[in-house]
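For reference, the structure is listed below as structure tokens.
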Amino acid sequence: MIEQKQQEIIEEFAFFEEWMHKYEHIIELGKEMKGLTDDEKKDDLLVAGCQSKVWLKASLQENGTVNLEADSDAIITRGLVALVVSVFDNETPQDILNANIHFMNDIGLVSNLSQTRSNGLAAMVKQILLYATVFQAQQKSN
Amino acid sequence: MDNDTLQHKMRELKTQFPALNQTVYGRPLVYLDNAATTQKPQRVIDSISEYYSKWNANIHRGAHYLANASTEKFEATRTALAEMLHANFREEIIFTQGSTDSVNMLSTILENEVNEGDEIWVTEMEHHANFVPWQVLAEKKKAVFRYIPMTPSGEWDLEYAKKELGNKAKIVAFNYVSNALGTINPVHELIALAKNAGAYVVVDGAQAVGHFNINVQELNFDFFLFSAHKMYGPTGLGVLWGRRELLEKLPPYRYGGEMIKKVSVTGTTFNILPFKYESGTPNIEAVIAFSESISFCKEVGRENMHAHEYSLLKAATERLKEIEGAVVYADLQNKVGVLSFNIEGIHSADIGTLLDQQGVAVRTGHHCTQPLWEKLGTTGSVRASFACYNTIEEVELFIEALKKSVNMLR
């Protein structure tokens, strides 16, 4: 499922020939995302942020999948965060841990995710994997 | 020189900088991140290449032709720097790895001068590099870490300094020019206050040396430091100027080769200045190539550079104000070519991302001055900073790209 969602995003972005349209779409996604309340945007949910901040909330749902909610103070980062959330949301910890995340590079918005420290996306993905590890351990112990 | 002649003269400079003649994302590069680092003229690049092609040898050993030749070139830069800064003695010029390294060196060698209860002063405007080392030193020595506040207009609160900075002050460290705002600070007044208090005066000139001439004798401070790469020179090289009698008195910083006079199993004696502070093999090619940056600045004339950059700053500031919600920080007369701003309701990182897509390179964020932004009630800004090779057309491209970005983000 994660792979399928990534393919859908890649196809969606393939339509945009102009950089502007690509970014307009990202900005739109950022505006549409529900995000977190101001009360939730506290330091304990802050995953990173040198320039823009990213907050992430994760919980294990009764059906065994992970619920993700996130936000950012910068709109472009918020749009990218929305994409990351859409890929991982409602997936099992096992599927999240097994996933190969490549769509960021493929849509040409982040040239190298692991080196993009400034917008907090790399730290966000790392945090999601960390949550998945913990949730998986919880599932096994139950 | 009238403005047209100046513009014409400056326009020719751009061709000397190969990195500026390229496109990014298919658009001509408009490089406005000069306060972070300046591009390098061809002569500096050639000098680095020539060093490795012809002169590479370890310096100050003198056993063969190449060693002598590279030593001579290396030391010629020290002489050029002494002349540039109007230093009394060439051995007052110490090569370091950069401004950050220079401050760390000072905060280490001044350690024994600070006692419990003494005060170490900085300003609220400092780059973290001239803030954190002093804060850590104060903690270590149980000294009191104090700072001169910044006013909302982006200037030092000198009235506060006049009242509070007294003879408990042991070290007073501050920047000549603010990296985040571009403010040229009234250093003469603060130097006088600090000197009256009997403190060591440390001046961070990283954002000054590329824009105006410095006379260390006239300014009467004790230490002055800067980085080569902010004045068209190589990275990884800094300069620390210190009064000879102080550098002679203070202990060494790093121990090792080069900095010793005699080593035996019973003890070691240290070399004379400047070698006492230059242990190990230095960044030889950078030092040698730096002489080309020094002569470049001298030939163009820093007064011309500043006048040109200032005219670009004024034009950009005026155009920026056309944009609804534009907030300009430190909108002052006494500035270098740094335009620090925000657009209300838009994150600086978003503007930076969209400007980048249009070929315009700026810096966004806190610029390593978090206390400053806390004072201004925000977390950072967009910073466009001009150098001698920027043009009025680039100011236009920047403003147009900015308007487009703002429209997309609103």
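Taken together, the values in this text are just the output of simple stated rules run on the coordinates, not laboratory data. All of these numbers come straight from a predicted model, not from anything done at the bench. As a convention, Cβ positions derive from the backbone with ideal geometry for all residues, glycine included, and neighbour counts pool all protein chains shown.
Here are some notes:
- Counting neighbouring Cβ atoms within 10 Å and putting the fewest first, the residues A:TRP55, A:TRP19 line up as A:TRP19, A:TRP55.
- Working from Cα pairs under 8 Å separated by at least six residues, relative contact order for segment B:1-157 is 11 percent.
- Cα gyration tensor category, rounded, prolate or oblate, for chain B with a/c compared to 1.5: oblate
- Under the convention that each Lys and Arg Cβ holds +1 and each Asp and Glu Cβ holds -1, the size of the dipole of the protein assembly as shown around its Cα centre is about 1700 debye.
- Under 15 Å from the B:ALA69 label point (7 Å along Cα→beta-carbon), backbone N, segment B:39-53: B:47-53
- Arranged from fewest to most other beta-carbon atoms within 10 Å of their beta carbon, A:GLU62, B:GLU218, B:GLU139 become A:GLU62, B:GLU218, B:GLU139.
- For segment B:205-356, the relative contact order is 18 percent, taking Cα pairs closer than 8 Å that sit 6 or more residues apart in sequence and dividing their mean separation by the residue count.
- Rounded to whole Hz, the Karplus (6.51, -1.76, 1.60) HN-Hα couplings of segment B:202-216, x for glycine and proline: 10, 10, 8, x, 3, 9, 9, 4, x, 10, 8, 6, 10, 10, 5
- Degrees separating the helix A:19-32 axis from the principal Cα axis of chain A, which is the longest one: 40 degrees
- Using a cutoff of 8 angstrom between alpha carbon atoms and counting only pairs six or more residues apart, the relative contact order for segment B:130-238 works out to 20 percent.
- A crude spin-label estimate for the pair A:ASN90 and B:THR108, with each label 7 Å from Cα along the Cβ direction, gives 5.8 nm.
- Label-point gap, in nm, between B:GLU83 and A:PHE16 - each point 7 angstrom along Cα→Cβ: 5.5 nm
- Full extension of the chain between A:ASN98 and A:VAL134 yields a length gain of 11.5 nm, computed as 0.36 nm times the residue separation minus the alpha carbon distance.
- Amide H contacts of B:VAL144 (H built 1.01 Å from N, under 5 Å, at least 5 apart or other chain): B:GLY117, B:ASP118, B:GLU119, B:ILE120
- Formal net charge of residues neighbouring B:GLU248 (Cβ-Cβ distance under 12 Å; K, R +1; D, E -1): +1
- Amide H contacts of B:THR268 (H built 1.01 Å from N, under 5 Å, at least 5 apart or other chain): none
- Once the convex hull of all Cα atoms in segment B:254-295 is built, its volume per residue stands at 69 Å³.
- Residues whose amide H lies under 5 Å from that of B:ILE260, counting only those 5 or more places away or on a different chain, are B:ASN271; hydrogens are built 1.01 Å from N in the peptide plane.
- Note that segment A:86-92 has calculated 3J(HN,Hα) couplings of 4, 6, 8, 4, 6, 10, 7 Hz, one per residue in order, obtained from phi through the Karplus relation 6.51 cos²θ - 1.76 cosθ + 1.60 (θ = phi - 60°); glycine and proline are x.
- Shielding by partners - mean other protein chain Cβ count within 10 Å, residues of A:69-77: 4
- With 30 Å as the limit on Cα-Cα distance, the pairs of B:LYS168/B:LYS261; B:LYS168/B:LYS262; B:LYS314/B:LYS375; A:LYS53/B:LYS40 that go past it are B:LYS168/B:LYS261; B:LYS168/B:LYS262; A:LYS53/B:LYS40.
- Overall dimensions of chain A by Cα: Rg and Dmax, Å: 14.8, 50
- Put a plus charge on the Cβ of each Lys and Arg, a minus charge on the Cβ of each Asp and Glu, and nothing anywhere else: the dipole of chain A about its Cα centre is then about 540 debye.
- R0 of 35 Å, Cβ-Cβ distance B:GLU400-B:GLN42: FRET efficiency to nearest 0.05: 0.75
- Each residue of segment B:354-368 was assigned a 3J(HN,Hα) from its phi angle through the Karplus expression (A = 6.51, B = -1.76, C = 1.60, θ = phi - 60°), giving 6, 5, 4, 4, 9, x, 9, 9, 10, 10, 10, x, 8, 6, 6 Hz with x at Gly and Pro.
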